[in-house]
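Each reported figure results from applying straightforward, stated rules to the coordinates on display, with no laboratory input. This structure is a prediction, so every number in the text was calculated from the model and none was measured. Note: ideal-geometry Cβ built from the backbone for every residue, glycine included; neighbour counts use all protein chains shown.
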Amino acid sequence: MALKKENNVLLHLENVWKIYRMGEVEVPALQGVSVEIKKGDFVAIIGASGSGKSTMMNLIGCLDIPSRGSVYLKSQDISKLGESDLASLRGKTIGFIFQQYNLIPSMSAFENVVLPLEFLEYDDREAAKRAREILISVGLGDKMHHRPAQLSGGQQQRVSIARSLAGDPEIILADEPTGALDSVAGIEVLSMLHRLWKEQGKTIIMVTHNLNLAKYAHTTIELKDGQITKISENDE
Amino acid sequence: MKLEKCFMYAFNMALHSKLRSWLTILGIVIGVAAVIAIVSIGEGMQQSMTAQLSGLGGDIVTISPGFSRGAGMFVMRGGGGEGGFSGGAQATDKEIVLSRSDLQALKGIPDIALIDTNIRGSVEVSYRGKSGKVSLTGVDQKVWSQITTSEIKNGRMLDSADQNVIVIGGRLASSYFDQPIGINKMITIEGSAFRVVGILDDQSTNIYMPIQMAYQVIEDKKNGIYDSFVVKIKNEDQLDEVIAKIENKLMTARHVTQKDRDFSVSSSRQFQQTRAEALSSLNAFLVAIAAVSLIVGAVGIANTMFTSVLEKTKEIGIMKAIGARNHDILLIFMFNAGFIGLVGGIIGIILGTILSGFMPALMGNLPIMRGTAIVSLNSIIMALSVSVTVGVLAGVIPAYQASKLKPVDALRYE
Ligand SMILES: Nc1ncnc2c1ncn2[C@@H]1O[C@H](COP(=O)(O)OP(=O)(O)O)[C@@H](O)[C@H]1O
Ligand SMILES: [Mg+2]
């Protein structure tokens, strides 16, 4: 297999197809996508709306399995894993940041951040300590017991960043993380991701259609109609 | 996720659920309240019945003429002292009677301690110008006081030396005539005067007098002919054997066989059993009704759970994205359902307890319901475990569905 040659390949998509079936109609959202993502990279996936960015994200994040082809995460073929193993792998390796934040509305910021640690069966005290530290590091030390509805969009997205970091994952996946934010809050979130990449060595994969934000990334993957049209690296 | 965390999460979820979903627990509440009320009334009845019947004595056997090959309890009557049960069967047939030779036969059974001989009839009584018809029982005054289960309220029972004296029922004394009848008052029965020596602690209008006097007062009753014998046996544990002996002896004495038997032997214990059986089938019926409402409650919870799974679809997607496994989701939703069931059960128990407090008042007129409703620990434990089980069972399918949701699909749900 190709990925063996370079050991720092974290994610590998091999001729991946994703075909959605809507009754009689088949929608090919991804058509033979192959790409390798290295450990410690900051990748931006760009493309027009409907080009298949989210579909690709879902496959990378093990939230879905391909119709054809294979997705390897840390050399494991995810379509060969059972639901339980997949969930554990996801919990340990990947942190998600969504456009709509996707926080649990009935829980405080603190509880939202603790939740993934509970799925990982962390010790209570350790989980609480970790959640507190991370919330402080994203600048929400004074808002820990606020519910999502009591926070601004930018603050909610920071809670969601904190949640994605809780399990100390290698990979952070962000699907249009600034899509719902104004430009100031958007840049704030982006610089936060940038710092995670630079200072903590996280692998960051971000979907965006804002080319200005894509400039923060190291590698840019362009999608069009479910196919990769260009992969460029920014080495300044 | 650890079990207690699943539980906490389910608890949290229930706390934050909408009023609408709480309303659907009404089915469980009503079901449990009904079960509690019904069971407590049942237990109340049982207790009051045991209290009533234990007074009858397990060692008393009544022999009366006539035999019916049907359901026994309505014919095997004519209990000696307790007018409460007497009715249709008293000396219906001129030909079928109990006689002195039957009495002799009974006297030959060593297991019998005492024999009371009774005759019964309806008589004209008058007191201070008012009159009426009441039933009169002639008893063997030498043994009656030892056999009867009636209690004396005022005065005394009959005793061996008595002649023109009577003991009367509580209601006859207190309210049958315009004026209450007191001890040592004279009342007129079929033209002869009798002195009241005792008043019973009951609600009857019966009159008890020595049998020799009764033969003179009641029309058509000849000396040596009896309406019933009431016997007390020596050893209560041998009740069934003694009944068999009595039957055999009497069949021989009366020259009849099992087929053309013309007398009945009954014990209060049989009566007790028949009544208990009737009561327990009544109970079973009521419990069945309650069970139906519990099923309705279960459907309600299932409905709540289905709705809640729909409402939580997005949340389920989020949780799966951040590492929840299928069985974490399953457990959370099962706990949630069980918790809703538990809350429904607790409210139901409170409601049922309040309800059962009112029940005796509502049912006060039924003779069967003299006791108070009793909410026992057993029925509480039963109700709680039933409601939790019902909740969990109702939650199984929706919870399973929730756990099987694909993370992508769940996340897309709005
Ligand atoms: N669950 C789905 N069912 C059917 N079609 C889908 C589904 N998800 C995405 N699609 C279709 O697949 C294509 C790619 O969608 P998506 O990956 O969401 O694009 P993007 O995120 O780049 O806007 C679109 O045409 C979209 O309509
Ligand atoms: Mg998208």
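For this structure, a couple of remarks:
- Positive-end extreme of charge dipole, the protein assembly as shown - chosen from A:Phe42, B:Ala321, B:Val134 (charges on Cβ): B:Val134
- Projected label points at A:Gln100 and A:Glu26, each 7 Å from Cα along the beta carbon direction, are separated by 3.0 nanometres.
- Of the beta bridges in chain A, as assigned by DSSP with both residues counted there, near 55 percent are antiparallel.
- Given charges at beta-carbon only (K, R positive; D, E negative), |dipole| of region A:48-192 in Debye: 140
- Positive dipole terminus of region A:117-182, leading residue within A:Thr178, A:Ser152, A:Ala166 (C-beta point charges): A:Ser152
- Shape analysis of region B:259-300 yields a ratio of the Cα radius of gyration to the Kirkwood radius, Rg/Rh, of 1.41.
- Relative to the longest principal axis of the Cα atoms of chain B, the long axis of helix B:3-15 makes an angle of roughly 80 degrees.
- Ranked by the mean number of other Cβ atoms within 10 Å of their residues, highest first, the peptides B:334-344, A:84-94 fall in the order B:334-344, A:84-94.
- Summarised as an ellipsoid, chain B has semi-axes of 67, 24, 15 Å, derived from the eigenvalues of the Cα gyration tensor scaled by 5 and square-rooted, with the largest first.
- Cα extents for chain A along the principal axes, largest to smallest and rounded to whole angstrom: 47, 42, 38.
- Rg over Rh [alpha-carbon atoms, Kirkwood Rh] for region B:306-352: 1.15
- Euclidean distance of C-alpha centroids, region A:165-206 and region A:33-106, integer Å: 15
- Peptide ranges B:112-123, B:294-305, B:248-259 listed from the most packed, as the mean C-beta count within 10 angstrom indicates: B:294-305, B:112-123, B:248-259
- Peptides ranked, highest mean first, by Cβ atoms within 10 Å: ranges A:173-181, B:213-221, B:265-273: A:173-181, B:265-273, B:213-221
- Among beta bridges identified by DSSP and lying wholly in chain B, the antiparallel ones come to about 80 percent.
- Each Lys and Arg Cβ is given +1 and each Asp and Glu Cβ -1; about its Cα centre, chain B then shows a dipole of about 1060 debye.
- For the peptide A:88-95, the mean number of other protein chain Cβ atoms found within 10 angstrom of a residue's Cβ is 3.
- Exercise: per-residue mean of other protein chain Cβ atoms within 10 Å, B:310-322: 6
- Counting only alpha carbon atoms, the long axis of helix B:268-311 and the longest principal axis of chain B meet at about 10°.
- Calculated mean residue ellipticity at 222 nm for the protein assembly as shown: -14500 deg cm²/dmol, from DSSP H runs with n ≥ 4 weighted as -39500 (n - 2.57), summed, divided by the residue count and rounded to 500.
- Each label was represented as a point 7 Å from its Cα along the Cα-to-Cβ direction; for B:Ala278 and A:Lys215 these points are 9.7 nm apart.
- Shielding by partners, peptide B:4-17 (average Cβ within 10 angstrom, other chains): 2
- Candidates A:Gln156, A:Gln200, A:Gln31, ranked by Gaussian network fluctuation over chain A, Cα under 10 Å, top entry: A:Gln200
- The dipole here belongs to region A:14-80: it is taken about the Cα centre, uses +1 on the Cβ of Lys and Arg and -1 on the Cβ of Asp and Glu, and is about 160 debye.
- For the set B:Lys2/B:Lys320; A:Lys230/B:Lys320; A:Lys198/B:Lys320; B:Lys142/B:Lys222, the pairs lying more than 24 angstrom apart at their alpha carbons are A:Lys230/B:Lys320; A:Lys198/B:Lys320.
- Comparing B:Ser126, B:Ser17, B:Ser356 in a Gaussian network model of chain B (Cα springs below 10 Å), the most mobile by mean-square fluctuation is B:Ser17.
- Taking the empirical scaling 2.2 N^0.38 Å for compact globular proteins as reference, the protein assembly as shown has a Cα radius of gyration ratio of 1.70.
- Extension gain for the segment A:Arg68 to A:Gln227, taken as residue separation times 0.36 nm less the Cα-Cα distance, is 55.8 nm to one decimal.
- Residue with peak Gaussian network fluctuation, chain B [Cα springs, cutoff 10 Å], from B:Ile289, B:Ile346, B:Ile322: B:Ile322
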